[in-house]
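The values are calculated or read from the model by the stated rules, or taken from the named source; none is laboratory data. The model shown is predicted, which means the values in this text are computed figures rather than measured ones. We place every Cβ from the backbone using ideal geometry, glycine too, and count neighbours over all the protein chains shown. For the accessible areas, the whole protein counts, side chains as well, though only heavy atoms, and no ligand, DNA or RNA atoms are used. Shrake-Rupley method; radii C 1.70, N 1.55, O 1.52, S 1.80 Å.
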Amino acid sequence: MTFFKTKDSVVTGLLGGLVGTLFMDITNAVIYKAGGTEKLYGHLAGQFFVSPLRTNQRKNYVLGELLHFSVGSVFGLPTMYMLKKTGKDHYLSKGLVTSMLTWGLLYTGGQKIGLFKKLRFTKTHYSAAFNNVIYGLVSAKTMVSLADPTMFHDKKQSVNITINTSQNRDDIKLLQYQPSDDPTKTYMVNLQN
């Protein structure tokens, strides 16, 4: 249940990305505490500002977290765009697809071109993939929950037409069907007497 609904797709995408990033960081912290990954995302993102050795300092870690949350929020926009254009059916699958693309672009691509230090352990890469799955699922769910339903493309648009027949039936003219530019649009005619 949500307290408000928004019709602004940018705000919805940013908020969904922010909430997805929060849950992504929570799972990353739990896995880090259990020894299942080498670094927290604050450490990785902090490397954009300082050397990898200095990211353990609180001030640099916080700077990295701010960057991580900012990037996570912005990367909610592609998910929102996809949901807006294709509809909210199967929204978890759509969120998963966009998050895996994000993971490939930022995490894997970032290491390949040297944006941050390459991570050594395979378990760290599995952890990052899992965290991005969480990001995609949570951000998509958040967007669908926050967004006004009219924001999403509806494949089955219908128009109801009501004709009052109690006045004079001779005045009713039947119109020939005209094909619509939108083949998914259906028309319902209700005759009231």
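Looking at the structure I just gave you, is L44 open to solvent by less than 70 Å² (accessible area, probe 1.4 Å) and more than 17 Å from A129 (Cβ to Cβ)? For L44, the condition - open to solvent by less than 70 Å² (accessible area, probe 1.4 Å) and more than 17 Å from A129 (Cβ to Cβ) - is not met.
The residues listed here are L83, L106, L77, L67; of these, the one that is at pLDDT 90 or above and open to solvent by 50 Å² or more (accessible area, probe 1.4 Å) is L77.
Residues are listed down the side, and each one gets a yes or a no for (1) part of a helix (DSSP H, G or I); (2) closer than 21 Å to A129 by Cβ; (3) without any contact (Cβ under 8 Å) to a residue 40 or more places away in the chain:
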position	(1), (2), (3)
M24	yes, yes, no
G35	no, yes, yes
V62	yes, no, yes
S70	yes, no, yes
S73	yes, yes, no
L77	yes, no, no
